[in-house]
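Novice: Structure provided below as structure tokens; questions to follow.
What follows is calculated from the coordinates using simple rules that are stated; it is not laboratory data. All of these numbers come straight from a predicted model, not from anything done at the bench. All Cβ positions, glycine included, derive from the backbone under ideal geometry; neighbour counts span all protein chains shown.
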Amino acid sequence: MKQFKTLIIAIVLFFGAQVATAQTKVGHVDVSALMTTMPAMKAAEAQLTKLREGYDTEYKKLVAEYQTKAAQYQKEAETAGELLNQTRSQEMQDMGTRIQKYQTDADKSLQDKQIELQKPLYEKALAAIKKVSDAKGLSYTIDATSPGTVLNIGAGSIDILAAVKKELGF
């Protein structure tokens with residue numbers, strides 16, 4: 001009789017575990033592919049490309065001006081006095097610094113613009129992912145391009161934070 005009870009308990013536990021596992025549904029989505037195929041993302045990329053080209057054009061002008069002056073000053077260095085050569089040397093250093101600052105500022109501006117344009121698109125994609133995940137009854141939806149990144153936690157998910165804290169003793 002005791003063995004029969006043990007067998008019944010084992011069967012109940014086994015099928016109970018099977019039912020619990022069967023209810024957990026996990027989905028995945030390639031967020032990178034989703035983002036790159038969004039029509040609004042293509043428009044944002046075109047806008048960034050145009051801005052980048054403008055910065056590149058200006059940068060090339062600054063570098064060309066620097067090279068022209070450097071070549072001119074190099075030619076005239078022997079005939080110019082020491083004081084004039086020192087002044088010109090300082091001018092070239094300052095000009096080089098301005099070019100580097102321009103490039104740094106342009107990169108930062110491009111990065112800020114990219115974030116400004118892509119953030120609302122990413123949020124829109126996440127909202128759509130959540131909606132589809134909930135409609136399909138998924139407990140978890142993960143990003144296929146970044147394994148381990150959970151995009152959505154469905155209603156069927158169990159938060160075990162309190163239990164883990166208790167296990168750790170706090």
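Novice: Highest first, please rank the peptides 124-130, 52-58 by the mean number of other Cβ atoms sitting within 10 Å of their residues.
Specialist: Details: 124-130: 15.0, 52-58: 12.6.
Ranked from most to least packed, the peptides come out as 124-130, 52-58.
Novice: Pull out the extension gain between residue 113 and residue 62, defined as 0.36 nm times the separation in residues minus the alpha carbon to alpha carbon distance; nm, one decimal. The partial results should precede the final answer.
Specialist: Numbers: separation 51, 0.36 × 51 = 18.36 nm, distance 2.27 nm.
Here the segment from residue 113 to residue 62 would lengthen by 16.1 nm.
Novice: In whole Hz and in residue order, list the ³J(HN,Hα) couplings for the stretch 80-97 that follow from phi through the Karplus curve 6.51 cos²θ - 1.76 cosθ + 1.60, θ = phi - 60°; x for Gly and Pro.
Specialist: Each residue of the stretch 80-97 in turn: 6, x, 4, 4, 5, 5, 5, 4, 5, 4, 5, 4, 5, 4, 4, 5, x, 5 Hz.
Novice: Whose amide H sits under 5 Å from the amide H of residue 30, counting only residues 5 or more places off or on another chain, with H placed in the peptide plane?
Specialist: 144
Novice: Return the long-range amide H neighbours of residue 151 (sequence gap of 5 or more, or a different chain), with a cut-off of under 5 Å between placed amide H atoms.
Specialist: 141, 142, 143
Novice: Pulled fully out, how much extra length does the chain show between residue 84 and residue 47, if you take 0.36 nm times their separation in residues and subtract their Cα-Cα distance? List each step's numbers first, then the result.
Specialist: Working: separation 37, 0.36 × 37 = 13.32 nm, distance 4.50 nm.
In short, 8.8 nm is gained.
Novice: How do the peptides 26-34, 77-85, 95-103 rank, highest first, by the average count of neighbouring beta carbon atoms within 10 Å per residue? Please report the intermediate quantities before stating the final value.
Specialist: Values: 26-34: 15.1, 77-85: 10.4, 95-103: 13.1.
Packing order, densest peptide first, comes out as 26-34, 95-103, 77-85.
Novice: A further question follows. Hey, could you pull the Cα Rg and Dmax for the stretch 54-141, both in Å?
Specialist: Gyration radius and largest Cα-Cα distance of the stretch 54-141: 25.3, 82 Å.
Novice: Sort 59-69, 135-145 for me by packing, meaning the mean count of neighbouring Cβ atoms within 10 Å per residue, highest on top. Don't skip to the answer; put the middle values down first.
Specialist: Working: 59-69: 12.4, 135-145: 16.2.
Highest to lowest by the protection proxy: 135-145, 59-69.
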